[in-house]
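A short reminder: the numbers here are calculations on the coordinates, not readings from a lab. In this text, all values refer to a predicted model and were calculated from it rather than measured experimentally. Here Cβ is always computed from backbone atoms with ideal geometry, including for glycine, and neighbour counts include all displayed protein chains.
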């Protein structure tokens, strides 16, 4: 059974990366989860009752709907690969909280921390990595897939890990100069094709993630991760990066590589915190103005009679004047 499952999981991995058009990180997680689910379900010869019984037990144990929906997604992909038709339940989830988006100051702190990564090689590599994430808005899986042949004079060719169209991300000359310096002096030549390498070859997903985690901790921004940089890039371009004019939403869509404009539109919403801050500020202004007006009225009562436009604010009319 275990041998048969191992062979089938390898076939599934290849199918998911090619015909299934899933990202490598998604496939890795999916293979691991299918192996875990095989302890409770005969994943090679499943039945409808077996699958429903499993989810019923998970629900009774208090498993979160989000976790069960992730299990459902992986089983749906696995069953599609096997050509098996089994109905899978969908669990209602509470609304997701607004994604964490770093502030401009936090972005600057992360960029500075990346540049202070110890030795020159690490500093040069880490600075380029973080700049590509923040200003290119690329995913971490796209970052590690960049090849030397993808470099252009004014940007980088990006191959999406989500089955989206390839795109060119435009980058300023200063960043392109840093990229050229990194390749010339600091890049390990352990893989002739890969842009980001280690001593052992192309940089892996987990290696890159660990680098970013250490940079965030050093910057005093422990919540920092690659997708937060993508969130910041999208909102910064739509609202005006560092005070510049906002970019047209269709241009942002192309820059991020979104297949649908609807995906990009998620970044046009205001967060609950922003709404609360705007309301708080406006109410504070209202009460401040109201208090100033009341103080102004009390002060006027002991002063000479106003004239002109000021009569309107004090309520003095011509009929009341001597």
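What's the exposure ranking of 168, 146, going from fewest to most Cβ atoms within 10 Å?
Listing 168, 146 from fewest to most nearby Cβ atoms yields 168, 146.
I need the calculated FRET efficiency for the pair residue 98 and residue 213, taking r as the beta carbon distance and R₀ as 22 Å, to the nearest 0.05.
Step by step, r from the Cβ atoms, then E = 0.50.
Among 129, 68, which comes first, then next, by fewest other beta-carbon atoms within 10 Å?
So the ranking, lowest neighbour count to highest, is 68, 129.
At residue 178 and residue 268, where each label point lies 7 Å from the Cα along Cα→Cβ, what is the point-to-point distance in nanometres?
Here the modelled spin labels are 3.1 nm apart.
Treating each Cα of the range 2-82 as an identical point scatterer and ignoring solvent, apply the Debye formula and state log10 I(q)/I(0) at q = 0.13, 0.14 Å⁻¹.
-0.39, -0.45
With a point put 7 Å past each Cα toward its Cβ, work out how far residue 19 is from residue 188 in nm, to one decimal.
It works out to 3.6 nm between the two label points.
Please report the relative contact order for the range 104-268, taking Cα pairs under 8 Å with a sequence separation of at least 6, and give it as a percent rounded to a whole number.
After rounding, I find 25 percent.
How big is D for the range 104-268, in µm² s⁻¹ as a whole number, if Stokes-Einstein is applied with the Kirkwood radius of its Cα pairs at 37 °C and 0.692 mPa s?
D = 204 µm²/s.
Describe numerically, in nm with one decimal, the distance between label points set 7 Å from Cα along Cα→Cβ at residue 277 and at residue 67.
Result: 3.4 nm between the two label points.
Sketch the reach of a paramagnetic label on residue 157 as a point 7 Å from Cα along Cα-to-Cβ, and name the residues of the range 230-265 whose backbone nitrogen lies under 20 Å away.
254-259
Using the 10 angstrom Cβ neighbour count as an exposure proxy, how do 158, 254, 175 rank, fewest first?
254, 175, 158
Viscosity 0.890 mPa s, temperature 25 °C: what is the translational diffusion coefficient of the range 1-157 from Stokes-Einstein with a Kirkwood Rh over Cα pairs, rounded to a whole number of µm²/s? It would help to have the intermediate numbers written out before the result.
On the way: Rh = 19.1 Å.
Taking Rh from Cα pairs, D becomes 128 µm²/s.
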